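Structure first, commentary second.
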Amino acid sequence: MTDTLQLIASNLPFILKGSLVTLRLVFSALGLGFILGLFLAVGQVYAPKPFPRIISLYVWFFRGIPNLVLLFLFYFGLFPLLGLDFTPLMIAIIAFGLRSSAYQSQIFRGCIRSLGSGQMMAARSLGMTNIQAIKSIILPQALRIAIPGWSNEYPILLTDSAVSYAIGVMEILTRGSLTVSRTYQPMPIYLTCAVIFILLNYGGMKILHHVENRVRIPGFGNTEM
Amino acid sequence: MDNREIILTVDDIHKKYGNTEVLRGISFEVRKGDTKVFIGSSGTGKSTLLRCINQLTIPDSGKIWLHDEEVTHSQKSINYFRQKIGMVFQNFNLFDHLSAVRNVEIALIKVRKMPKKEAREKAMEELRRVGLEPQANLYPAELSGGQAQRVSIARALAMEPDIMLFDEPTSALDPELTGEVLAVMKDLSKNGMTMLVVTHEMGFACSVANEIIFMEQGKILESGPPEQLVRNPRYDRTKQFLFKLGELYGDIGRSQ
């Protein structure tokens, strides 16, 4: 028992460094997915004719490919083909970000649709442009409604991020596996990885709940009265 | 001869939804200070007509002028005209994520580019006008229906429109709340605001309107001052409709 604890303790700093990489990957991909997803959602609801169709193709494409396949396609295929010398971490961020944007766009689209046409009509009747109305009226409401559903994206991306092990991103699992190949102790080391993931998940959800409460508006959206 | 300034001219407006002709040639003029009330059974295009005036619905043909500027087919942005045409909706359509005062000031800040402090003062002034200064910081969900509708009137008034459109402003309210909204509207009318109102509140129509317009199947069947239209309608169809309203709400001719 003490041997095991000692083993974990001596390898923990090495593995923990990976959690910084994991968090960088997850938050960058979340951010990229958020910004892209928002534009995609707005485009799908409000843009003129060919765009909604193109966007739904994009969504269909990125939701249809398993993330490991997408990662390999980017790492071994697309980026070398384009002559781009990106680090595995950068490639993982882009792949996960694009994929997440497809999912996030559908969360946002649903929330925009749930607002009803009256809000847009009232905004336009006051002389706001479409863009002003979307920025000041539609999105502030849609994003608040989106928070509970959007909160799913964090644990999904966090757990999915371990797949980037396959292209050698030095995240938690990669570092764990390196440790196992050195120590031949899979159980304690992988358990350590699992615990780190769970703690990161817990911390992130706490932050999201805090945000949800901070932006709460009386009687609006998914709020407890 | 009426020599008050003509604010709005509506000329032969047509609108089709699919195969349904909602508006079949509507024309009228509105002079400064007019309050015109539109009545008629549902589906006759009253709301569509109002929405055509500020181009929330684009008419298929026909022209609309605000003063001497054409709203339809205009080179100017439609947002320029919408600032001068206030609109109040049946379901209030207050911005649910903004407090009452923010609802009133947001278009001043975003559209008129008014400094925030000035916009806040103006918004408070408008809320005072509809008697809701104490509720300035409440959110729409915290307001009664009547209060919400008064905020939406204040929101439209803040833009200092030349004309106000009311699309069944009290239809979503119970009778007690209807009164407070109608009182605000009466006050507006008395103070010279030019108003087009779609409503079946005949008490309001008879006491405030200088003209009642009866619409039937996308056309104006007849119009006239309340005394004439209510007491002495020209067509049986008008008589029939007024009789139905009377059955529902009591004797409308005498209610005021």
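The values are calculated or read from the model by the stated rules, or taken from the named source; none is laboratory data. Computed from a prediction, not measured in an experiment: that's the story for all the values here. We place every Cβ from the backbone using ideal geometry, glycine too, and count neighbours over all the protein chains shown.
Collect the residues in region B:53-101 that are of a type in the set (D, E, K, R) and crowded, with 18+ Cβ neighbours inside 10 Å, keeping them in residue-number order. Even if it seems obvious, please write down each step before you answer.
Restricting attention to region B:53-101, the residues satisfying the condition of being of a type in the set (D, E, K, R) are B:60, B:63, B:68-70, B:76, B:82, B:84, B:96.
Scanning region B:53-101 gives B:Arg82, B:Lys84, B:Asp96.
Taken over region B:218-256, the residue count meeting the criterion of being among the charged types (D, E, K, R), part of a loop (DSSP other than H, G, I, E, B) and modelled with pLDDT of 90 or more is 1. Quick check on region A:57-75. Is at least one of its residues touching a Leu at 6+ places or on another chain (Cβ under 8 Å), buried (at least 18 other Cβ atoms within 10 Å of the Cβ) and either closer than 25 Å to B:Val111 by Cα or within 14 Å of another protein chain (Cβ to nearest Cβ) (or both)? Checked region A:57-75: no residue is touching a Leu at 6+ places or on another chain (Cβ under 8 Å), buried (at least 18 other Cβ atoms within 10 Å of the Cβ) and either closer than 25 Å to B:Val111 by Cα or within 14 Å of another protein chain (Cβ to nearest Cβ) (or both). Out of everything in region A:157-199 that is among the β-branched types (Val, Ile, Thr) and surrounded by fewer than 16 Cβ atoms within 10 Å (Cβ to Cβ), what residue ends up being farthest from A:Ile91 (Cα to Cα)? The residue in question is A:Thr183. Could you say whether any residue in region A:128-139 is touching a Ser or Thr at 6+ places or on another chain (Cβ under 8 Å) and not polar (S, T, N, Q)? Checked region A:128-139: at least one residue is touching a Ser or Thr at 6+ places or on another chain (Cβ under 8 Å) and not polar (S, T, N, Q). Looking at this structure, is B:Ala156 in contact with a helix residue (DSSP H, G or I) (Cβ under 7 Å, 6 or more places away or on another chain), modelled with pLDDT of 95 or more and within 14 Å of another protein chain (Cβ to nearest Cβ)? So B:Ala156 does not fit the description; no.
Given the structure, is A:Arg24 farther than 26 Å from A:Leu173 by Cβ and among the basic types (Lys, Arg)? It is false that A:Arg24 is farther than 26 Å from A:Leu173 by Cβ and among the basic types (Lys, Arg).
Being over 23 Å from A:Ala146 (Cα atoms), more than 15 Å from the chain's Cα centre (by Cα) and of a type in the set (Gly, Ala, Ser) holds for only one residue in A:Gly43, A:Gly77, and it is A:Gly77.
With respect to the conditions (1) under 17 Å from the mean Cα position of the chain (by Cα); (2) modelled with pLDDT under 90; (3) not charged (D, E, K, R), A:Leu157 falls short on a single one, namely (2). Against the test of being of a type in the set (A, V, I, L, M), within 24 Å of B:Asn54 (Cβ to Cβ) and surrounded by fewer than 21 Cβ atoms within 10 Å (Cβ to Cβ), the options B:Ala172, B:Ala209 yield a single qualifying residue, B:Ala172. The set of residues in region A:46-63 being within 28 Å of A:Met121 (Cα to Cα) and charged (D, E, K, R) consists of A:Lys49, A:Arg53. The set of residues from region B:96-117 being within 24 Å of the chain's Cα centre (by Cα) and among the aliphatic types (A, V, I, L, M) comprises B:Leu98, B:Ala100, B:Val101, B:Val104, B:Ile106, B:Ala107, B:Leu108, B:Ile109, B:Val111. In region A:1-27, the residues that are closer than 17 Å to A:Gly203 by Cβ and modelled with pLDDT under 90 form no Cβ pair under 8 Å with any partner that is loosely packed, with under 12 Cβ neighbours inside 10 Å and among the charged types (D, E, K, R), whether six or more places apart or across chains.
The residues listed here are B:Leu94, B:Leu138, B:Leu108; of these, the one that is in a helix (DSSP H, G or I) and within 12 Å of chain A (Cβ to nearest Cβ) is B:Leu108.
Scan region B:168-191 and give yes if some residue there is touching a Gly at 6+ places or on another chain (Cβ under 8 Å) and within 11 Å of chain A (Cβ to nearest Cβ), otherwise no. The answer is no, given that none of the residues of region B:168-191 is touching a Gly at 6+ places or on another chain (Cβ under 8 Å) and within 11 Å of chain A (Cβ to nearest Cβ). For B:His73, the criteria (1) assigned to a loop (DSSP other than H, G, I, E, B); (2) in contact with a helix residue (DSSP H, G or I) (Cβ under 7 Å, 6 or more places away or on another chain); (3) more than 12 Å from chain A (Cβ to nearest Cβ) hold in every case but one, which is (2). Comparison of A:Ala166, A:Ala123 shows that the only residue that is assigned to a helix (DSSP H, G or I), out of contact with any Asp or Glu (no Cβ under 9 Å at 6 or more places or on another chain) and more than 30 Å from A:Phe14 (Cβ to Cβ) is A:Ala123.
In the set A:Gln141, A:Gln132, A:Gln106, which member is crowded, with 21+ Cβ neighbours inside 10 Å and either under 23 Å from the mean Cα position of the chain (by Cα) or within 14 Å of chain B (Cβ to nearest Cβ) (or both)? Write out each step before concluding.
Numbers: A:Gln132 fails: crowded, with 21+ Cβ neighbours inside 10 Å; A:Gln106 fails: crowded, with 21+ Cβ neighbours inside 10 Å.
None of the other options fit; the residue is A:Gln141.
Would you call A:Thr87 surrounded by fewer than 19 Cβ atoms within 10 Å (Cβ to Cβ) and within 13 Å of another protein chain (Cβ to nearest Cβ)?
no
Taking (1) away from chain A (no Cβ under 13 Å); (2) under 18 Å from the mean Cα position of the chain (by Cα); (3) among the hydroxyl-bearing types (Ser, Thr, Tyr); (4) under 21 Å from B:Thr194 (Cβ atoms) in turn, B:Thr57 satisfies each apart from (1). Checked against (1) in contact with a Ser or Thr (Cβ under 7 Å, 6 or more places away or on another chain); (2) farther than 27 Å from A:Arg144 by Cα; (3) not in a loop (DSSP other than H, G, I, E, B), B:Thr170 passes all but condition (3).
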